[in-house]
Amino acid sequence: MAGHRFSSRLITGTGGAPSLRILEDALTASGTELTTVALRRVSPDAEGSVWDVLRRNGIRPLPNTSGCFTAGDALRTARLAREALETDWIKLEVIADERTLLPDPVELLDAAERLVDEGFTVLPYTNDDPVLARRLEQVGCAAVMPLGAPIGSGLGIRNPHNIELIVEQAGVPVVVDAGIGTASEAALAMELGCDAVMLATAITRAEDPVLMAGAMRDAVAAGRGARRAGRIPVRRYAQASSPAVD
Amino acid sequence: MDVIINGERREVSPRTTVEEVVRSLTQAPGGVAVALNDEVVPKAGWATTRLGDDDRVDVLTAVQGG
């Protein structure tokens, strides 16, 4: 992605973990090499730092623009994130409203174009809209990250057909981002041809985050293997695997 | 003079620098960024950038999220 080779196809988030210790164990178990962080005002009484956790484990930080509702907000946050984390990679989120947390497509495209112009490597969190995905790629985004379902919903991939359309046309990596609830849904994303899966709460809010992190690691690898192997066609009726007569 | 630091109005001495504001909030060696009236102040400019009356300073860092 953007000229950088990762051996893990699982991108994780850090929101929702019960503690930094559990987060660190889960990130390690997931095998992730790229993990999102948010940018917020310094709190003098914060204990420990997620930035230290990532550095200690050699995980590349991917700052996001969570909490931004306009292109202007997102630009400002991205510039600050670049300064704080010394990376020009940005997971671009521009949200329409608090209730759905769905991306605002107009503000998103505007922000993406301006950030690309400023030299950022832009990874936009987008709707599962093939047309918008194409437009994001055309303005120079380094990947497209369509949602499987709304953030934190655990509804899985609600529109696999759209995800397939996005994959078919994309010349940049496609990452399903948001909506994944459990391992089979991460595997499905990969079976549909996505290049990676991004998830946070499916791990951090699982009953056992570390166990789920390992399951997600395996699911992404399994789904990728199945995609590369090529699934059999779906048939209406049975087909014996061993012929009854020679 | 009065300034607004991370959303709170505070009185600071004249000629206070951005660096001094940052160090009053965190000793973290890295992972911190500063906006002065919504404009990024690069780290190299913290020590030489002085606050004026009614300036808004935001000191931000990476936290769990996303």
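Within chain B, the percentage of alpha carbon pairs spaced more than 12 angstrom apart rounds to 67%.
Working note: Karplus 6.51/-1.76/1.60 with θ = phi - 60° gives the stretch A:51-58 the couplings 4, 5, 4, 5, 5, 4, 9, x Hz, where Gly and Pro are set to x.
Pairwise alpha-carbon distances in chain A exceed 22 Å for 53% of all pairs. Peptide A:77-84 is shielded by partner chain Cβ atoms: per residue, an average of 6 of them sit within 10 Å of its Cβ.
Dipole check for chain B: with +1 at the C-beta of Lys and Arg, -1 at the C-beta of Asp and Glu, and the Cα centre as origin, the magnitude is about 260 Debye. Per residue, the solvent-accessible area of the stretch A:28-77 (1.4 Å probe, heavy atoms of protein chains only, all protein chains present) comes to 42 Å². From most to least packed by mean Cβ count within 10 Å, the peptides A:237-245, A:5-13, A:224-232 give A:5-13, A:224-232, A:237-245.
Using a probe radius of 1.4 angstrom, the carbon and sulfur fraction of the accessible surface of the stretch B:2-61 is 47%.
Screening chain A for whole DSSP H helices of 27 Å or more along their axis (Cα) with average Kyte-Doolittle hydropathy at least 0.0 returns A:209-229. Computed with a 1.4 Å probe over protein heavy atoms only, the accessible surface of the stretch B:2-61 comes to 51 Å² per residue.
The mean number of partner chain beta-carbon atoms within 10 angstrom of a residue's beta-carbon across peptide B:53-62 is 5. In terms of the mean number of neighbouring beta-carbon atoms within 10 Å, the peptides A:29-41, B:5-17 order highest first as A:29-41, B:5-17. Inter-chain Cβ neighbour count for A:33-40, averaged per residue, equals 5 (cutoff 10 Å, partner chain atoms only).
The trypsin sites (Lys or Arg not before Pro) of the stretch A:132-188 that DSSP puts in a loop, and whose beta carbon has at most 15 other beta carbons within 10 Å, are A:R158. The interface between chain B and chain A buries about 2100 Å² of solvent-accessible area in total (1.4 Å probe, ligands and nucleic acids excluded).
When a 1.4 Å probe is rolled over the protein heavy atoms, the share of accessible surface on the stretch A:66-121 that falls to carbon and sulfur comes to 45 percent. Charge dipole (Cα centre; +1 on Lys/Arg Cβ, -1 on Asp/Glu Cβ; no other charges) of the stretch A:9-80 amounts to roughly 260 debye. Secondary-structure-derived ellipticity at 222 nm for chain B, considering helices only, amounts to -3000 deg cm²/dmol, per-run term -39500 (n - 2.57) for DSSP H runs with n ≥ 4. Note on the stretch A:3-148: dipole from Cβ charges, positive end direction compared against A:L23, A:L101, A:C141; the farthest Cα belongs to A:L23. Here the dipole of the stretch A:1-146 is about 380 debye; that uses its Cα centre as origin and unit charges on the Cβ of Lys and Arg (positive) and Asp and Glu (negative).
The values are calculated or read from the model by the stated rules, or taken from the named source; none is laboratory data. These numbers come from a predicted model, not from an experiment. Because the Cβ atoms are built from the backbone with ideal geometry, glycine has one as well, and the counts that use them run over all protein chains shown. Accessible surface areas use protein heavy atoms only, side chains included; no ligands, DNA or RNA. Shrake-Rupley method; radii C 1.70, N 1.55, O 1.52, S 1.80 Å.
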